[in-house]
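Enquirer: Pasting a structure below so you can have a look.
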Amino acid sequence: ARRRELETETLKTSADVADWTLLAKDLGKDGLQATLIDAALPELQAMCNSLLHSNFGPRFTVELRSQAADSKGKRLLETLDVIVLDGENGREAPIETYSGGERAIIGEGLSLALTTLAARESGLAGATLIRDEAGAALDAVNGRAWIGMLRQAVAVMGADRLLFVSHSAELAELADSRIDL
């Protein structure tokens, strides 16, 4: 009788372990997390492209891909690839292959879009957007466009203010007020 009791308890415990294992998988990186990321990517991509196109023109268009074929082409793997179409040069390639200045522009668009979505999802309002020399690698023309992109992100995000650090006198002139250190 004790043996049957223990076997029944073992079966119940095994079923519980199976349930918890399945739940852990479903809530893990290939389950709910991947689903949430996949669901956010279209809006993140659209917001990034809006920021880039509004301030830098149509040159760069970002495509976010969350799956890629394995080396044998037999199954899809979870990934997050940032593919950039350079309309000026007719080039489509991963962001890593672009120059430092180009990556700074594209990366800032992605960062601002992601920050905006994260602020909205967390219910954050009236925040302060801070950038510490994120535009340091940009020339004067792209620096002005970068400031425009920051201002647009502040408006879309509903932030109260923008603080940016810059050693560029040209960019400092674009600020509403300055703190010189």
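The values are calculated or read from the model by the stated rules, or taken from the named source; none is laboratory data. Everything numeric here is computed off the predicted structure, so don't read it as measured data. Please note: Cβ atoms are built from the backbone with ideal geometry, for glycine as well, and neighbour counts cover all protein chains shown. Heads up: the accessible areas ignore ligands, DNA and RNA and are worked out on the full protein's heavy atoms, side chains in. Shrake-Rupley method; radii C 1.70, N 1.55, O 1.52, S 1.80 Å.
Enquirer: Once you charge only the Cβ atoms, +1 for Lys and Arg and -1 for Asp and Glu, what is the size of the charge dipole of the chain about its Cα centre, to the nearest 20 debye?
Expert: So the dipole magnitude of the chain works out to roughly 500 debye.
Enquirer: Using per-residue counts of other Cβ atoms within 10 Å, averaged over each peptide, order 51-58, 5-12, 102-109, 40-47 from highest down.
Expert: 102-109, 51-58, 40-47, 5-12
Enquirer: Measuring with a 1.4 Å probe in the full set of protein chains, what accessible area per residue, in whole Å², belongs to the chain?
Expert: Using a 1.4 Å probe on heavy atoms only, each residue of the chain averages 64 Å².
Enquirer: Length gain on complete extension for the stretch L80 to T35, per 0.36 nm per residue less the alpha carbon to alpha carbon distance?
Expert: Roughly 14.9 nm would be gained on extension.
Enquirer: Would you please classify the overall shape of the range 89-181 from the alpha carbon gyration tensor, given that a ≥ b ≥ c denote the square roots of the eigenvalues, rounded means a/c under 1.5, and beyond that prolate means a/b larger than b/c while oblate covers the rest?
Expert: oblate
Enquirer: Right, something else. Rounded to the nearest 500, what is the 222 nm mean residue ellipticity of the chain from helices alone, with -39500 (n - 2.57) per DSSP H run of 4+ residues and division by all residues?
Expert: That calculation yields -18000 deg cm²/dmol at 222 nm.
Enquirer: Testing the spin-label approximation: label points 7 Å from Cα along Cα→Cβ at I130 and R178. State their distance in nm.
Expert: A separation of 2.1 nm, rounded to one decimal place.
Enquirer: On the protein heavy atoms, probe 1.4 angstrom, tell me the percent of accessible surface of the chain carried by carbon and sulfur.
Expert: 56 percent
Enquirer: So the label point goes 7 Å from the Cα of E43 along Cα→C-beta, right? Which residues of the range 109-141 then have their backbone N under 20 Å from it?
Expert: Zone members listed by number: 109-129.
Enquirer: Still on this model: For S50 and L22, what is the calculated FRET efficiency with R₀ set at 35 Å and r taken between the beta-carbons, to the nearest 0.05?
Expert: 0.35
Enquirer: Give me the Kirkwood hydrodynamic radius of the chain in Å, from all C-alpha pairs, to one decimal place?
Expert: Mean inverse Cα-Cα distance, inverted, gives 19.5 Å.
Enquirer: What is the helix-to-structure angle for 2-27, meaning the angle in degrees between its Cα long axis and the longest Cα principal axis of the chain, kept from 0 to 90 and rounded to the nearest 10?
Expert: 20 degrees
Enquirer: Give the lysines reachable from K74 as a straight Cα distance under 28 Å; neighbours fewer than 8 places away on the same chain don't count.
Expert: Counting by Cα, and skipping residues close in sequence, K74 has these lysines nearby: K25, K29.
Enquirer: Quick one: if you stick a label point 7 Å off each Cα along the C-beta vector at L163 and E9, how many nm between them?
Expert: Here the modelled spin labels are 6.0 nm apart.
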